[in-house]
Amino acid sequence: MVIPSVPFTDQRLPNGLRLVIAEDHLAPVVAVNIWYAVGSKNEVPGKTGFAHLFEHVMFQGSRHVKKAEHIALVQAAGGTINGTTWLDRTNYYETLPSNQLELALWLEADRLGTLLDALSQENLDNQREVVKNEKRSSYDNRPYGSWSEKLQAHLYPEGHPYHHPTIGSMADLDAASLEDVSAFFRTYYAPNNAVLAVVGDVDPDQVRTWTEHYFGGIPANPSIPPVGDMSLPATLGAEIRETVTDQVPLPRIYFGFRAPVMGDRRLDALEVAMQILAGGKGSRLDRRLVRDDQIAQDVVAFVLGFIGGGSIASGWATVRPGVSLERVEAAYLEELDRLTREPVTDDELARAKALIETEELGALSRVEERADRLAMNATLFDDPALIDTMLDRYLAVTAEQILAVARDVFRTDNRLVLTYLPAAGAGAVAE
């Protein structure tokens with residue numbers, strides 16, 4: 001099998017902005033994706049949630065763009081636009097007809113260079129309320145909504161940069177002054193802390209000319225503070241258990257494990273293992289818990305890769321009405337334990353790799369996904385060429401590598417068990 005490659009160019013402007021361009025004339029579209037090396041891990045105690053807050057503030061106008069006009073201009077040009085925040089980064093992206101590329105570059109440069117000209121107390125207060133509503137709808141008032149926050153808090157000790165959730169503390173946001181927020185932007189939103197990826201139907205020389213014109217005059221920040229100590233022991237050291245009684249329809253059990261860092265080949269093997277565990281109807285967990293024993297409504301297993309200290313291996317099972325919680329927990333853990341004792345079969349390994357291959361090739365066929373991956377690999381690993389090697393790495397995983405990483409990760413002394421039980425009147429109750 002010939003795995004397609006993604007040819008690209010990689011350069012830096014004098015102010016430190018990294019520009020990665022991948023030319024592709026298959027369709028008249030272009031994807032622009034700018035990654036900033038700032039996420040919730042860069043926040044300090046008492047000032048959490050700032051990285052996520054700026055994901056919202058960045059759409060509230062700049063010197064030459066009115067409030068919400070950034071989105072309106074891209075949509076009027078036939079494009080789509082959004083932004084995301086995570087522990088290790090924040091990114092903003094547009095996909096447009098290729099003849100509208102200059103618009104996207106100008107808009108991104110204008111808000112990087114002049115956002116603080118438009119940041120007012122009114123805008124700050126407004127976006128602070130938007131974030132509060134997001135927390136209420138996505139965390140506080142959603143069944144099982146607190147699971148990810150609790151998972152992070154247990155797997156990363158207090159004081160670790162990954163300990164707190166990306167959305168941050170509402171008390172911290174309430175206490176944040178306009179100067180606090182402005183200082184965060186001045187510190188991290190600098191061209192030397194950004195990677196700009198442009199992929200699609202473009203002339204690379206024209207992209208460079210526009211990028212230098214619009215971004216070239218934005219000054220670098222030579223004093224971006226380093227992240228705190230990210231190192232962690234390989235395991236938790238003991239099993240951790242927590243039970244939550246809440247407004248949930250059915251009991252659900254979450255599992256969490258500290259795993260190797262993103263970029264470690266062992267994490268590649270763990271991702272393949274998770275496909276064997278819960279990748280579709282033919283997976284081990286789905287076949288046993290959902291189809292054969294019929295004790296779970298659904299099962300999930302996945303990896304969240306992070307670059308500092310350790311990643312997360314996690315999953316859950318929702319208990320069917322009339323089934324004991326203990327039976328579901330025991331069955332789920334038996335399947336994890338089986339991965340540590342016996343090699344997966346050739347058929348299981350081939351199936352898992354086929355699922356990953358389909359997903360990877362589908363993603364790489366889209367200009368927006370290629371732009372995202374080029375920017376990600378440049379930001380997190382200083383190596384955009386990883387876009388051409390990851391599928392090979394997954395396909396090279398062996399049964400022995402899965403056995404070894406499962407033994408390292410799925411240990412009792414590395415396990416978090418988080419159980420949600422319905423409050424009285426909230427839903428079905430386990431026997």
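Just so it is clear, none of the values below were taken in a lab; they were calculated from the coordinates. Source: prediction; values computed, not measured. As a convention, Cβ positions derive from the backbone with ideal geometry for all residues, glycine included, and neighbour counts pool all protein chains shown.
Equivalent ellipsoid semi-axes for region 348-431, as square roots of 5 times the alpha carbon gyration tensor eigenvalues: give them largest first, rounded to whole Å. Can you show the working numbers first?
On the way: eigenvalues 242, 88, 50 Å².
Semi-axes, largest first: 35, 21, 16 Å.
With the alpha-carbon atoms as the only input, what is the per residue convex hull volume for region 156-294 in Å³?
260 Å³
Gaussian network model of the chain, Cα springs within a sub-10 Å range: biggest mean-square fluctuation belongs to which of Pro226, Pro321, Pro204?
Result: Pro226 has the largest fluctuation of those listed.
With a ≥ b ≥ c taken as the square roots of the eigenvalues of the C-alpha gyration tensor of region 217-316, please select rounded if a/c is under 1.5 and otherwise prolate if a/b is larger than b/c or oblate if it is not?
Prolate is the answer for region 217-316, as a/c is 1.5 or above and a/b outweighs b/c.
Among residues other than Leu349 whose Cβ falls under 15 Å from its Cβ, what is the net charge (Lys/Arg +1, Asp/Glu -1)?
Once all neighbours under 15 Å are counted, the net charge is -3.
Along the Cα-to-C-beta direction of Asp346, a point sits 7 Å from the Cα; which residues of region 1-40 have their amide N less than 19 Å from that point?
The answer is 1.
Compute the projected area of the convex hull of the Cα atoms of the chain, averaged over all viewing directions, and report it in nm² to one decimal place.
21.4 nm²
Hey, any idea what the orientation-averaged projected area of the convex hull of region 136-188's Cα atoms comes to, in nm²? Don't skip to the end; give the middle numbers.
Numbers: hull surface 18.4 nm².
If you wrap the Cα atoms of region 136-188 in a convex hull and average its projections, you get 4.6 nm².
Fewest Cβ neighbours within 10 Å first, please rank Ile167, Ile307 accordingly. Display every interim value, and only then the final one.
Working: Ile167 22, Ile307 19.
With the sparsest Cβ surroundings first, the list reads Ile307, Ile167.
Scale the Cα Rg of region 154-217 by the rule-of-thumb value 2.2 N^0.38 Å and send over the ratio, two decimals.
1.72
Once you keep just the Cα pairs under 8 angstrom separated by 6 or more residues, what percentage relative contact order results for region 9-215?
The normalised contact order for region 9-215 reaches 40 percent.
What is the Cα centroid distance between region 358-431 and region 36-111, reported in whole angstrom?
About 26 Å separates the Cα centre of region 358-431 from the one of region 36-111.
Across region 9-215, how many lysine pairs separated by 8 or more positions, or lying on different chains, have Cα atoms within less than 23 Å?
Close lysine pairs under the 23 Å cut-off: 10.
For region 240-422, evaluate the Debye formula with one uniform point scatterer on each Cα (no solvent term) and list log10 I(q)/I(0) at q = 0.16, 0.17, 0.18 Å⁻¹, rounded to two decimals.
Here the Debye-derived log intensity ratios amount to -1.01, -1.11, -1.20.
Which FRET efficiency, nearest 0.05, do Ala404 and Lys66 yield, Cβ-Cβ r, R0 45 Å?
Once rounded, the FRET efficiency stands at 0.20.
Quote to one decimal, in nm, the extra length available between Asp203 and Leu361 on full extension: 0.36 nm per residue of separation minus the C-alpha distance between them. Mind showing how you got there, number by number?
Numbers: separation 158, 0.36 × 158 = 56.88 nm, distance 2.47 nm.
Between Asp203 and Leu361, full extension yields an extra 54.4 nm.
Roughly how many whole Å is it from the C-alpha centroid of region 138-174 to that of region 183-235?
Value for the Cα centre distance between the two parts: 27 Å.
Expected output is a single nm value to one decimal: the length gained when fully extending between Asp229 and Thr80, i.e. 0.36 nm times separation in residues minus the C-alpha distance. What is it?
Residue separation times 0.36 nm, minus the Cα-Cα distance, leaves 49.9 nm.
I'd like the antiparallel share, as a percent to the nearest 5, of DSSP beta bridges with both residues in the chain.
Of all bridge pairs located within the chain, approximately 80 percent are antiparallel.
Going Cα to Cα from Lys353, which lysines come in below 29 Å? Please leave out same-chain ones fewer than 8 positions away.
Lys281
Determine, from the Cβ-Cβ distance of Ala330 and Ser5 and an R0 of 41 Å, the FRET efficiency 1/(1 + (r/R0)^6), rounded to the nearest 0.05.
The calculated FRET efficiency here is 0.35.
Modelled label-to-label distance, Asp117 and Glu242, 7 Å Cα→beta-carbon offset: nm?
Computed distance between label sites Asp117 and Glu242 equals 4.5 nm.
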